[in-house]
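Here is the structure we will look at.
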Amino acid sequence: MSTPNRVYIARLAGVAVFDPNGDQVGRVRDAVARLRATPGPPEVVGLVAEMPMRRRIFLSINRVTSIDPGAVVLGSGTLNLRRFEKRPNELLVLQELLDRRVQLEPAGQPGTVVDVAMECNRGGEWSLTRVAVREQTGRLSRRGHLHQVTWDRVRGLNGISGDRGTANLLAVLEDMRPADLANALQDLPDARRNEVAAALDDERLADVLSELPEHDQVEILAALDRERAADVLEEMDPDDAADLLNELPPPEQDVLLDLMEPDEADPVRQLLKYSSGTAGSVMTSEPVILPPDATVAEALARIREEQLSPAVAAQVFVTRAPMTTPTGRYLGMVHFQRLLREPPADLLGGVVVNDIDPLRPTTPLPEITRRMATYDLVAMPVVDRNNRLVGAVTVDDVLDHSLPPDWRERDAATVPAPADELLDGGNE
């Protein structure tokens with residue numbers, strides 16, 4: 001095995017995993033260690049890798065041929081595609097040990113686990129041998145010394161610990177996309193998941209909540225105090241916030257809406273009025289809207305804004321004032337490809353397209369899907385009876401509400417693997 005003799009596991013999180021042909025098969029999310037019946041550090045038996053479609057699988061450490069800071073390479077392209085499930089005598093190193101409160105022997109100095117190293121002996125067996133522990137100083141302004149000590153010098157690594165922080169686990173998860181972070185949270189015990197979610201800043205938590213199943217959204221929101229919950233709802237897109245509030249009892253909806261800033265709560269209140277399964281219930285009330293006398297250059301600058309999703313930024317809707325929903329009279333829309341072909345100084349009123357009938361708030365989802373597929377659109381305008389733009393339905397809105405209700409569940413992403421791809425069963 002061409003790899004360093006000692007590997008710190010937190011540094012492996014997110015590292016790409018490649019098969020012998022150089023094709024990426026996933027990314028490392030954790031390491032699996034097996035507790036021993038006799039005294040001694042746990043044996044590392046494999047890695048947990050995240051595959052496409054959010055499936056996490058087990059990779060036996062015996063199949064790993066090399067480990068370096070940028071890649072983990074496997075010796076075989078044949079994988080067990082069954083979803084990883086932890087066995088009773090196994091330990092997920094990052095999930096269960098990072099941020100754990102421990103004591104350093106022999107003096108009993110308290111500290112926090114920052115990282116754990118695994119080492120390979122001459123027989124090719126990997127074990128958890130060293131622990132990076134930061135001392136607790138009791139002073140907020142001073143960080144304690146970082147110690148790298150052997151496993152047997154740390155007390156409190158075995159068993160369940162309810163006394164943990166979140167800083168080091170958050171550092172490991174920091175660079176994940178919201179959907180991947182949501183997936184990682186689903187693997188944590190409920191209490192730990194709520195603790196980590198609460199430690200995220202409002203904007204990050206809002207993005208992650210939008211990627212979680214409804215019941216997880218509700219449980220995380222319920223674990224926050226109401227003012228913090230209202231702050232997070234303000235950071236969510238109005239349609240996502242409305243979907244989440246729809247899962248709560250009406251009295252709780254009213255309390256949270258009252259705690260939100262009025263200009264953030266108003267569009268959410270409007271969306272909550274529409275019947276489920278209609279354009280009004282799935283649309284975003286904040287598409288890109290500009291007047292007809294705006295220039296092509298102004299429109300291109302607007303859709304380049306980083307916070308816009310690709311589906312929302314794909315077109316500009318042109319209306320009379322006011323420019324917030326419900327707007328003045330709807331005039332049409334301009335796709336970004338058309339904007340790229342027109343002179344920057346031209347006015348939107350001269351390039352607007354209005355040959356496709358807009359949706360009504362009551363248009364049912366199957367009709368929306370049919371029309372978007374017919375015209376190859378990524379978004380469609382929604383107008384009221386007075387021809388005012390009230391929102392837009394994007395393709396991601398349609399997908400989100402067309403898939404089965406449990407599509408965000410971890411188990412829902414797991415499909416049976418072909419028989420010739422299954423080895424040994426279980427976690428190999």
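The values are calculated or read from the model by the stated rules, or taken from the named source; none is laboratory data. In this text, all values refer to a predicted model and were calculated from it rather than measured experimentally. Because the Cβ atoms are built from the backbone with ideal geometry, glycine has one as well, and the counts that use them run over all protein chains shown. Side chains are part of the model used for accessible areas, which takes the heavy atoms of the whole protein and leaves out ligands, DNA and RNA. Shrake-Rupley method; radii C 1.70, N 1.55, O 1.52, S 1.80 Å.
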Here's a check for you: in the stretch 17-61, which residue that is aliphatic (A, V, I, L, M) and assigned to a loop (DSSP other than H, G, I, E, B) is least open to solvent (accessible area, probe 1.4 Å)? 51
Within the stretch 292-308, work out how many residues are part of a loop (DSSP other than H, G, I, E, B) and open to solvent by 40 Å² or more (accessible area, probe 1.4 Å). 5
I'm trying to understand the selection: among the residues of the stretch 78-87, which are closer than 17 Å to residue 32 by Cα and either open to solvent by 30 Å² or more (accessible area, probe 1.4 Å) or of a type in the set (Ser, Thr, Tyr) (or both)? 82, 83, 85, 86, 87
Looking at 111, 75, 124 in this structure, which one is of a type in the set (Gly, Ala, Ser) and farther than 30 Å from residue 24 by Cα? 111
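Table: residues versus (1) within 28 Å of residue 176 (Cα to Cα); (2) among the charged types (D, E, K, R); (3) more than 20 Å from the chain's Cα centre (by Cα).
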| position | (1), (2), (3) |
| --- | --- |
| 205 | yes, no, no |
| 212 | yes, no, no |
| 223 | yes, no, no |
| 226 | yes, yes, yes |
| 235 | yes, yes, no |
| 251 | no, no, yes |
| 257 | no, no, yes |
| 280 | no, no, yes |
Of all residues in the stretch 88-102, which are surrounded by fewer than 15 Cβ atoms within 10 Å (Cβ to Cβ) and in contact with a strand residue (DSSP E or B) (Cβ under 8 Å, 6 or more places away or on another chain)? 89
Does residue 222 meet the test of being under 17 Å from residue 185 (Cβ atoms), free of Cβ contacts under 8 Å to residues at least 24 places away in the same chain and aliphatic (A, V, I, L, M)? yes
State which residue pairs qualify: first residue closer than 16 Å to residue 127 by Cα and touching a residue at least 60 places away in the same chain (Cβ under 8 Å) and inside the stretch 54-76, second residue open to solvent by less than 20 Å² (accessible area, probe 1.4 Å) and assigned to a helix (DSSP H, G or I) in any location, beta carbons under 9 Å apart, and separation of 6 or more residues or different chains. 67/12
I'd like to know if the stretch 223-233 contains one or more residues that are surrounded by 14 or more Cβ atoms within 10 Å (Cβ to Cβ), among the small types (Gly, Ala, Ser) and under 17 Å from residue 390 (Cβ atoms). no
Given (1) of a type outside the set (S, T, N, Q); (2) modelled with pLDDT under 95; (3) open to solvent by 30 Å² or more (accessible area, probe 1.4 Å); (4) over 29 Å from residue 301 (Cβ atoms), identify the lone condition not met by residue 410. (3)
If we keep only residues of the stretch 62-77 that are open to solvent by 50 Å² or more (accessible area, probe 1.4 Å) and either touching a His at 6+ places or on another chain (Cβ under 7 Å) or part of a strand (DSSP E or B) (or both), then the residue modelled with the lowest pLDDT is 68
Is it the case, given these coordinates, that residue 255 is buried (at least 18 other Cβ atoms within 10 Å of the Cβ), among the β-branched types (Val, Ile, Thr) and either at pLDDT 90 or above or under 25 Å from residue 369 (Cα atoms) (or both)? no
The conditions are (1) within 22 Å of the chain's Cα centre (by Cα); (2) at negative phi, and residue 14 fails exactly one of them. Which is it? (2)
I'd like the residue in the stretch 154-178 that is modelled with pLDDT under 75 and part of a loop (DSSP other than H, G, I, E, B) and, out of all such residues, is nearest to residue 209 (Cα to Cα). 165
Could you list, in sequence order, the residues of the stretch 353-402 that are touching a helix residue (DSSP H, G or I) at 6+ places or on another chain (Cβ under 9 Å), assigned to a loop (DSSP other than H, G, I, E, B) and surrounded by fewer than 17 Cβ atoms within 10 Å (Cβ to Cβ)? 356, 357, 360, 362
Do we find a residue being part of a strand (DSSP E or B), open to solvent by less than 50 Å² (accessible area, probe 1.4 Å) and polar (S, T, N, Q) anywhere in the stretch 118-139? yes
State whether one or more residues within the stretch 317-324 are outside any strand (DSSP E or B) and buried (at least 19 other Cβ atoms within 10 Å of the Cβ). no
Can you confirm whether residue 201 is over 12 Å from the mean Cα position of the chain (by Cα) and open to solvent by 40 Å² or more (accessible area, probe 1.4 Å)? yes
